[in-house]
Amino acid sequence: MPATVDTPAAVEALVPSPEGMSPRRARMLRIAAASVVLVALAAVLAVRLASRTSVLVVGVYGLAMILCGVVIELSRHGRTRLGTYLLGAGLVAALAADWLLLP
């Protein structure tokens, strides 16, 4: 019986392609999302400070911006799922604090 040698094309045809995003692509997407949110929070902070100066405004938006930086670092170190949960929870908390606490 003759021995057959698998060619790379035949081997690639047998290996199923992975579904969804690669981990590197997911990390880059979360970093980009957190960066966009960080810039948006900085713009909102500038607008809010122009209308009224308050330590509470700086505190709420400052903490949200710090959280965005933490999410970027978590994503850089491969903790994208944790970073996504923190980003979502932090945005909800910042919006709730803006609506409930700030005059």
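Every number here is computed from the coordinates shown, using simple stated rules; none is lab data. What you see is a predicted model; the values in this text were computed from it and never measured. When we count neighbours, we look across all protein chains shown, and the Cβ atoms used for this are built from the backbone with ideal geometry, even at glycine.
Key figures for this structure:
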| item | result |
| --- | --- |
| Among residues of the range 49-84, those that are closer than 21 Å to Trp99 by Cα and not polar (S, T, N, Q), counted | 17 |
| Matching residues in the range 77-92 - criterion: being in contact with a helix residue (DSSP H, G or I) (Cβ under 8 Å, 6 or more places away or on another chain) and outside any helix (DSSP H, G or I) | Gly78 |
| Residue pairs meeting the criteria (Cβ under 8 Å; at least 6 apart or on separate chains; first farther than 18 Å from Leu102 by Cα and free of Cβ contacts under 8 Å to residues at least 40 places away in the same chain, in the range 36-48; second hydrophobic (A, V, I, L, M, F, W, C) and in a helix (DSSP H, G or I)) | Leu38/Met65; Leu38/Cys68; Leu38/Ile72 |
| Subset of the range 52-73 that is among the hydrophobic types (A, V, I, L, M, F, W, C) and under 17 Å from Leu29 (Cα atoms) - its residue that is surrounded by the fewest Cβ atoms within 10 Å (Cβ to Cβ) | Val70 |
| Residue match in the range 64-81 (condition: touching a Gly at 6+ places or on another chain (Cβ under 8 Å), over 24 Å from Ala46 (Cβ atoms) and of a type in the set (S, T, N, Q)) | yes |
| Answer from Leu95, Leu29, Leu41 - the residue that is hydrophobic (A, V, I, L, M, F, W, C), assigned to a helix (DSSP H, G or I) and touching a Phe, Trp or Tyr at 6+ places or on another chain (Cβ under 6 Å) | Leu41 |
